[in-house]
Amino acid sequence: MKAAVVRAFGEPLVIEERPDPEPGPGQVRIRVEASGLCHTDIHAAHGDWPVKPRPPFVPGHEGVGLVEKLGDGVTHLRVGQRVAVPWLGRACGRCEHCLSGWETLCEQQINTGYGCDGGYAEKMLAWADFAQPVPAGVTPLDAAPLTCAGVTTYKALKVAGVRPAQLVAVSGVGGLGHLAVQYAKIAGATVAAIDVTDEKLELARELGADIVIDARAQDVGAELKKHGGAHAAIALAVNPAAFEAVNSGLRRGGKLVMVALPAHGTIQVPIFDTVLNGTSVIGSIVGTRQDLDEVFRLHAAGRTRVIRETRTLDSVNESIDAVLRGEIKARIVFDLGVDG
């Protein structure tokens, strides 16, 4: 099989031939049809974060494909079934986090494309219990971004407790942000979209944003305060300054939900204002299997649009460069041979 491999941090990925992996007990082998390019994959390939993967490895945690082979003990999936493999590749299922519905906080978790090989390959392994069935009506090319960009922003809005008629600020309208705008609208919120490119601001308008803020020319906090301040701000721009800017636009009792992970990123949180205004700073990490099931069902019902462009896996290095230059409207999805 062909795979895109990180051989050394910061170096171009290498396209190479590897033997087909064999599923162990509780695993399945998947023939990958589509795999999304997430900024997390770039962080993984560059070794940006304190906890690093171990080269050589195959990145990618938005892999979607058809089950090709079952490992021992797998009875709930069938050969030929379409599944998605998210960031949460496996959790222990026994700790307090898993048992209380917060499996994404499990300290024993293994992350796809980080702690094990991921979806930048023609074939991949997945733990069957965490391979998410993709419903009819959701194409592989759409399912791939929903598997991370979708479920991550959907969960962030849940964590924020967004309710109808609230003002929700979405900071960063890209692969994640274009879906966050849609989920906030589904929740009945008034949406303020924030970005620094004309193309993404126009995309936000097309997707239903009620307020559009150009952070190049406008004071984000002041603009949000003109509308009473945000009940919730979903921080998706990979820039610590963007976190601080949107935090300054919260209303009393508002919540800053941190999602993006800038390398070595820190922000200054003013203690006096935070205490006096009763605001909250919250971290939100991806979503659970139940969250992803809901994301897929919303898309199958026609409630969301995935804005994407497709490329071949051979273009992986050029695609990463394009993302880093800010040239991609929303999401790149590698097409590894979608049927139909």
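The values are calculated or read from the model by the stated rules, or taken from the named source; none is laboratory data. Keep in mind that this is a model prediction, so the values were computed, not measured. Cβ sites come from the backbone with ideal geometry, for glycine too, and all protein chains shown count toward neighbours.
Please pick out the residue among Leu256, Leu276, Leu313 that is in contact with a helix residue (DSSP H, G or I) (Cβ under 8 Å, 6 or more places away or on another chain) and either hydrophobic (A, V, I, L, M, F, W, C) or at pLDDT 95 or above (or both).
Leu256
Looking only at region 94-123, which residues are without any contact (Cβ under 8 Å) to a residue 24 or more places away in the chain and of a type outside the set (Val, Ile, Thr)?
Scanning region 94-123 gives Arg94, Cys95, Glu96, His97, Cys98, Leu99, Ser100, Cys106, Glu107, Gln108, Gln109.
Say we look at region 237-253 and pick out the residues that are crowded, with 24+ Cβ neighbours inside 10 Å and part of a loop (DSSP other than H, G, I, E, B); which of these is modelled with the highest pLDDT?
Gly249
Restricting attention to region 57-114, which residues are closer than 17 Å to Ala149 by Cα and either among the charged types (D, E, K, R) or not in a loop (DSSP other than H, G, I, E, B) (or both)?
Glu62, Gly63, Val64, Val83, Ala84, Val85, Leu88, Gly89, Thr104, Asn111, Thr112
Considering each residue of region 38-52, count those that are within 18 Å of the chain's Cα centre (by Cα), surrounded by fewer than 22 Cβ atoms within 10 Å (Cβ to Cβ) and assigned to a loop (DSSP other than H, G, I, E, B), and give that number.
Going through region 38-52 one residue at a time, the tally reaches 2.
Can you name the residue in region 3-37 that is part of a loop (DSSP other than H, G, I, E, B) and charged (D, E, K, R) and, of all such residues, is nearest to Ile332 (Cα to Cα)?
Looking at residues that are part of a loop (DSSP other than H, G, I, E, B) and charged (D, E, K, R), I get Glu11.
Going residue by residue through region 151-161, is there one that turns out to be over 19 Å from Arg289 (Cβ atoms) and either in contact (Cβ under 8 Å) with a residue 60 or more places away in the chain or in contact with a Pro (Cβ under 6 Å, 6 or more places away or on another chain) (or both)?
Checked region 151-161: at least one residue is over 19 Å from Arg289 (Cβ atoms) and either in contact (Cβ under 8 Å) with a residue 60 or more places away in the chain or in contact with a Pro (Cβ under 6 Å, 6 or more places away or on another chain) (or both).
Would you confirm, using the coordinates I've provided, whether Leu207 is crowded, with 24+ Cβ neighbours inside 10 Å and not small (Gly, Ala, Ser)?
No: the conditions fail for Leu207.
Give Trp49, Trp102 a once-over and let me know the one that is within 20 Å of Arg289 (Cβ to Cβ) and among the aromatic types (Phe, Trp, Tyr).
The match here is Trp102.
As an exercise: evaluate Val151 against (1) at pLDDT 95 or above; (2) in contact with a Leu (Cβ under 8 Å, 6 or more places away or on another chain); (3) within 23 Å of Leu324 (Cβ to Cβ); (4) not charged (D, E, K, R) and give the number of the one condition it does not meet.
Answer for Val151: the failing condition is (3).
If a residue counts only when it is buried (at least 16 other Cβ atoms within 10 Å of the Cβ) and in contact with a strand residue (DSSP E or B) (Cβ under 6 Å, 6 or more places away or on another chain), which strands (runs of 3 or more DSSP E) contained entirely in region 268-340 have at least 3 such residues?
331-335
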